[in-house]
Amino acid sequence: MKKGSYKKFPDKNGNFGQYGGRYVAETLMPLILELEKKYLFYKKDKKFNHEFSKLSKDYIGRPSPLYYAKNLTEYLGGAKIYFKRDELNHTGAHKINNCLGQVLLAVRMNKKRIIAETGAGQHGVATATVCALFGLECIVYMGKKDIERQKPNVFKMNLLGARIVPVESGSASLKDAMNEALRDWVSNVENTFYIIGTAAGPHPYPMMVRDFQSIIGKELKNQIIKKENRLPNSLVACIGGGSNSLGLFYNFLDDKKVSLYGVEAGGKGIKTGQHAASLSAGKPGVLHGNKTYLIQDNAGQIKEAHSISAGLDYPGIGPEHSWLKDTGRVKYVYANDKDAIKAFKICCKLEGIIPALEPAHALSFVLKFAAKQNKKHILVMNMCGRGDKDLDSIANHLNIKI
Amino acid sequence: MNNNRINICFSKLKKENKSAFIAFLTACDPSFSMSLKLLKAMPKVGVDIIEIGMPFSDPMADGPVIQRSYIRALKSGASLIKTLNLVKNFRSTNNITPVVLMGYYNPILQMGLKKFINKAKASGVDGILIVDLPPEVSNELSLELSASKIDMIRLASPTTTLERMHSILKSSSGFIYYVSITGVTGSKINKILSIKKKYMYLKKLINIPFVIGFGINSPKKAHEISRYADGIVVGSDLIKEIEKGIENSSNIFNNVMSLVKKYSKAINK
Ligand SMILES: Cc1ncc(COP(=O)(O)O)c(C=O)c1O
């Protein structure tokens, strides 16, 4: 790898600059060290990679198409807009890419019991799905608040045979579900594999999740060269914990001419304090096993995040993003609840695609940004999830009964 | 070995062939004044070392009892500064009983490591135990600590290998805390006999006191374990008495103290 490459991180201790690391209780240390060892082994294992590719193709439906959003492009009159359509994956989001990788690892590590945290329920559904496929027990921790607002996914997980454990502690959303999952792991160290759903948590998770998701950007590179015979000018993705965005960005990190934009959830507005924009409005700290930007008070207590999108409602962010922010390689912006809903509606009407609320945040930025670019500018946005799961929330928001 | 309160305490107990009774309380649960009153009273009825929990919003290694205790404390206005003040107030009346602060890294990081250690030293803190700071990530803090002579207490657990035990030892002082079970605080101990086996296995390597905590929820269990362990930590079970006191408006102080007395008797029987 080139000197000065952005792609050579993390270092062997899981650090991205000052971020990342392994801030976990002693009981978990031997487990994450073992996981790292196994992951590094299987990452290079031919059979493992073959099975991952085969199931990616036949089960998930990869490669996901690269779609030229002509109507939207003409409507905005600026950049040429493409969607990388990871919402067409089996289970409706990018989350399954990572779940497939981790479950293949779990099987090889002889773990029969899988646990996961979920916010929007997409990661929960994806985990329940791969567990059904491999005949493994599946327990999903989900905040009570999220169970309310993502009912279709809760029902799906039940159908798939997962057990959902409602989490009422703290803010009853994603951060608390992650606390509970970590508590479960510490209590069931022998037989349990924890499938973390985003590029956060202690090393090796941020690296491992990124690697499994990086298939998105790898495909995109081939596809865009075929269609346009050049690299895009900019890539845009929404940011919850940061996995779909890293998946999109990773293979472009060293292509310095490609601008990268991560869109966080601005909730009701940064100034109201009710948001989930850890990079834009947080400070570095330690939570869930890694050092990263966090939404917290001056005394270091973690604050509740707020977003209309359950999948972005997290007060932290994967450590690699913290480092990419400090180095300036990726630009981080945010979109508020209202803007996301507006973008959501435009996407439905103009493109006939009902997006999840998460990528609707990315789209909200695209609406503003693309309009200001010239027609030669090529922009690719990760359409990382479909909106089926959000219909209730959106109807509620629009005061419509369905 | 330097002559700090922790070492003096364990040497004395060793001479008497006794095991240390270490009581855990959350700072400011349910209030600063109640914590102070309990801290002051406990050494008089046999508590040898006091562990004070520093409340944190996301205590990922704690069970429901201590989680709720942290929430109550934070609601009552707890902060790291107040926790240190609590120790300072306690120290003005007791210069013997060792005090160990236990908690999570983020509040300390936000205060600043230097500032925290200086204040802890000035307040009379003897040791700190940070749950989410294993040796791999504690270089910064260890450097700051070594000059202050505050002990870095570390955890060992049933998953700890001999190899890891060496690196834990290298960066610990005061005592080492054996987490009896794989689980969160307040979990049940199922196989009390297997604890002894693993404890003894690790103990061979350890040249400082080695205490046992997590899941000790009855004086009977405490007695059993105190027959071989250098010390016993009791936390959730005491905090339950605070909870009961709040729920049925009984006297929190009396509830906790009467249970403390039972443990004290059982441990040094
Ligand atoms: C569709 C969708 N997009 C994005 C996210 C945010 O996660 P990440 O930033 O890890 O991609 C989620 C999380 O649940 C999601 O379901």
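The values are calculated or read from the model by the stated rules, or taken from the named source; none is laboratory data. These numbers were taken from a predicted model, which means no experiment stands behind them. Please note: Cβ atoms are built from the backbone with ideal geometry, for glycine as well, and neighbour counts cover all protein chains shown. Remember, those area values only see protein heavy atoms, side chains included, never the ligands or the DNA or RNA. Shrake-Rupley method; radii C 1.70, N 1.55, O 1.52, S 1.80 Å.
For A:SER173, the conditions (1) within 16 Å of the ligand (Cβ to nearest atom); (2) away from chain B (no Cβ under 13 Å); (3) of a type outside the set (Phe, Trp, Tyr) are fulfilled apart from (2).
Residue-wise test of (1) touching a helix residue (DSSP H, G or I) at 6+ places or on another chain (Cβ under 9 Å); (2) farther than 18 Å from B:GLY127 by Cα; (3) at pLDDT below 95.
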residue: B:ILE6; (1), (2), (3): no, no, no
residue: B:SER11; (1), (2), (3): no, no, no
residue: B:ALA20; (1), (2), (3): yes, no, no
residue: B:ASP29; (1), (2), (3): yes, yes, no
residue: B:LEU39; (1), (2), (3): yes, no, no
residue: B:PHE56; (1), (2), (3): yes, yes, no
residue: B:VAL65; (1), (2), (3): yes, yes, no
residue: B:ALA73; (1), (2), (3): yes, yes, no
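Looking across region A:196-224, the residues that are within 11 Å of the ligand (Cβ to nearest atom) and within 24 Å of A:LYS12 (Cα to Cα) come down to A:ILE196, A:GLY197, A:THR198, A:ALA199, A:ALA200, A:PRO206, A:VAL209, A:ARG210, A:GLN213.
Within region A:369-396, the set of residues being within 13 Å of the ligand (Cβ to nearest atom), out of contact with any strand residue (DSSP E or B) (no Cβ under 8 Å at 6 or more places or on another chain) and polar (S, T, N, Q) comprises just one member, A:SER393.
Can B:ALA73 be described as under 19 Å from B:ASP237 (Cβ atoms), aliphatic (A, V, I, L, M), at the interface with chain A (Cβ under 10 Å from one of its Cβ atoms) and surrounded by 23 or more Cβ atoms within 10 Å (Cβ to Cβ)? For B:ALA73, the condition - under 19 Å from B:ASP237 (Cβ atoms), aliphatic (A, V, I, L, M), at the interface with chain A (Cβ under 10 Å from one of its Cβ atoms) and surrounded by 23 or more Cβ atoms within 10 Å (Cβ to Cβ) - is not met. For region A:271-289, the tally of residues that are aliphatic (A, V, I, L, M), buried (at least 24 other Cβ atoms within 10 Å of the Cβ) and over 17 Å from the mean Cα position of the chain (by Cα) stands at 2. Listed by first and then second residue, the pairs linking a residue in region A:284-299 that is at the interface with chain B (Cβ under 9 Å from one of its Cβ atoms) to a residue that is among the β-branched types (Val, Ile, Thr), with Cβ atoms under 7 Å apart and 6 or more places separating them unless they lie on different chains, are A:PRO284/A:THR292; A:LEU287/A:ILE302; A:GLY289/A:VAL24; A:LEU294/A:ILE302; A:GLN296/A:ILE302. B:SER226 meets the conditions (1) buried (at least 22 other Cβ atoms within 10 Å of the Cβ); (2) within 24 Å of B:LYS37 (Cβ to Cβ) in every case but one. The failed one is (2).
Report whether or not A:GLY143 is open to solvent by less than 10 Å² (accessible area, probe 1.4 Å), small (Gly, Ala, Ser), within 11 Å of the ligand (Cβ to nearest atom) and at pLDDT 95 or above. Taking the combined requirement at face value, the residue does not satisfy it.
Of all residues in region B:79-96, none that is within 29 Å of A:GLN301 (Cα to Cα) and within 14 Å of chain A (Cβ to nearest Cβ) has its Cβ atom under 7 Å from the Cβ atom of a residue that is assigned to a helix (DSSP H, G or I) and modelled with pLDDT under 95, 6 or more apart or on another chain.
For region B:25-45, filtered to residues that are among the hydroxyl-bearing types (Ser, Thr, Tyr) and in a helix (DSSP H, G or I), the residue that is most open to solvent (accessible area, probe 1.4 Å) is B:SER33. Hey, can you tell me all the residues within region A:355-368 that are within 12 Å of the ligand (Cβ to nearest atom) and open to solvent by 10 Å² or more (accessible area, probe 1.4 Å)? If the condition is that a residue be within 12 Å of the ligand (Cβ to nearest atom) and open to solvent by 10 Å² or more (accessible area, probe 1.4 Å), then A:GLU358 is the only one that fits.
Mind listing just one residue for me: the one in region A:307-325 that is away from the ligand (no atom under 11 Å from the Cβ) and part of a helix (DSSP H, G or I) and, of those, most open to solvent (accessible area, probe 1.4 Å)? So the residue we want is A:LYS325. Among the residues of region A:326-342, the ones that are surrounded by fewer than 24 Cβ atoms within 10 Å (Cβ to Cβ) and within 14 Å of the ligand (Cβ to nearest atom) come to 1 in all. Please count how many residues of region B:118-143 are assigned to a helix (DSSP H, G or I), more than 7 Å from chain A (Cβ to nearest Cβ) and surrounded by 18 or more Cβ atoms within 10 Å (Cβ to Cβ). Residues that pass the stated criteria total 5. Each residue in region A:369-382 was checked for being surrounded by fewer than 24 Cβ atoms within 10 Å (Cβ to Cβ) and either not hydrophobic (A, V, I, L, M, F, W, C) or not assigned by TED's automatic domain parsing to the domain that holds A:THR73 (or both), and 6 pass. Taking strands (runs of 3 or more DSSP E) as the structural unit, those lying wholly within region A:1-87 and holding at least 2 residues that are in the same structural domain as A:LYS291 (by TED's automatic domain parsing) correspond to A:66-68, A:80-84.
A count restricted to region B:168-194 and to residues that are within 12 Å of another protein chain (Cβ to nearest Cβ), modelled with pLDDT of 90 or more and open to solvent by 40 Å² or more (accessible area, probe 1.4 Å) stands at 2.
Among the helices (runs of 4 or more DSSP H) confined to region A:192-270, the ones with at least 3 residues that are under 30 Å from A:ILE308 (Cα atoms) and within 11 Å of the chain's Cα centre (by Cα) are located at A:205-213, A:243-249.
The residues of region B:51-70 that are more than 10 Å from chain A (Cβ to nearest Cβ) and charged (D, E, K, R) amount to a single one, B:GLU51. Of all residues assigned to region A:192-213, at least one qualifies as being over 13 Å from A:VAL380 (Cα atoms) and of a type in the set (Lys, Arg).
Listed by first and then second residue, the pairs with beta-carbon distance under 7 Å, at least 6 apart or on different chains, first residue in region A:94-123 and within 14 Å of chain B (Cβ to nearest Cβ), second modelled with pLDDT under 95 and within 16 Å of the ligand (Cβ to nearest atom), are A:GLU117/A:LEU174.
Between A:TYR205, A:TYR194, the distinction of being crowded, with 20+ Cβ neighbours inside 10 Å, under 20 Å from A:LEU248 (Cα atoms) and more than 9 Å from every other protein chain (Cβ to nearest Cβ) belongs to A:TYR205 only. Remark: A:GLY267 falls outside the filter, which requires a residue to be within 16 Å of the ligand (Cβ to nearest atom), more than 11 Å from A:ILE317 (Cα to Cα) and either within 14 Å of another protein chain (Cβ to nearest Cβ) or open to solvent by 10 Å² or more (accessible area, probe 1.4 Å) (or both).
Just one of the listed residues (A:TYR39, A:TYR75, A:TYR82) is open to solvent by 50 Å² or more (accessible area, probe 1.4 Å), in contact with a helix residue (DSSP H, G or I) (Cβ under 8 Å, 6 or more places away or on another chain), aromatic (Phe, Trp, Tyr) and more than 14 Å from every other protein chain (Cβ to nearest Cβ), and it is A:TYR75. For A:GLY300, indicate whether it is surrounded by 23 or more Cβ atoms within 10 Å (Cβ to Cβ), more than 16 Å from the ligand (Cβ to nearest atom) and small (Gly, Ala, Ser). Yes; evaluated as a whole, the condition is true for this residue. Looking across A:TYR42, A:TYR19, one residue alone is of a type in the set (Phe, Trp, Tyr) and touching a strand residue (DSSP E or B) at 6+ places or on another chain (Cβ under 8 Å). It is A:TYR19.
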